[in-house]
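Report on one structure; see the data block that follows.
Every number here is computed from the coordinates shown, using simple stated rules; none is lab data. If you're wondering where the values come from, they're calculated on a predicted model, not measured in any experiment. Every residue, glycine as well, gets a Cβ built from its backbone with ideal geometry; the counts of neighbours run over all protein chains shown.
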Amino acid sequence: QVQLVESGGGLVQPGGSLRLSCAASGSIFSINAMGWYRQAPGKQRELVVDTTRSGSTNYADSVKGRFTISRDNAKNTVYLQMNSLKPEDTAVYYCKAAIMGWGTGYDYDYWGQGTQVTVSS
């Protein structure tokens, strides 16, 4: 059984910063792609950024230059540093990871429970 647990959301003023964390735990053989998605009220869930195990990244245009993804493979953890936050960044942020469990032989996409980020004065 595998679980993703996110933390670090909250309320921040425009121009402020937040750091999200997502830790994977359980019967994990390997983790490949990890990433962050977000869903604002009334909108579809969208990719914010993802990263491969080797470190290649893919950012949404709306967050380039403001958000930075990083991962600690030894801790099975991915981070999202969010700077220069804007009201339009307000959303529930979800972590996603492609994880191969012990004895499975294939990757399966797991999602975290989501953490609320609100940017408002």
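Tabulated values for the structure
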item	result
For the chain, size of Cβ-based charge dipole, Lys and Arg +1, Asp and Glu -1, in debye	160
Listed residues Pro87, Ser7, Cys22: farthest to the positive end of the dipole of the chain (Cβ charges)	Pro87
Segment 55-121 - charge dipole about Cα centre, Lys and Arg +1 at Cβ, Asp and Glu -1, debye rounded to 20	160
Anchor Lys86: lysines whose Cα lies under 16 Å away (excluding residues fewer than 8 positions away in-chain)	Lys64
Full-extension gain in nm, Gln1 to Ala40, via 0.36 nm per residue minus C-alpha separation	11.1 nm
If the convex hull is drawn through the Cα atoms of the chain, its volume per residue in Å³	94
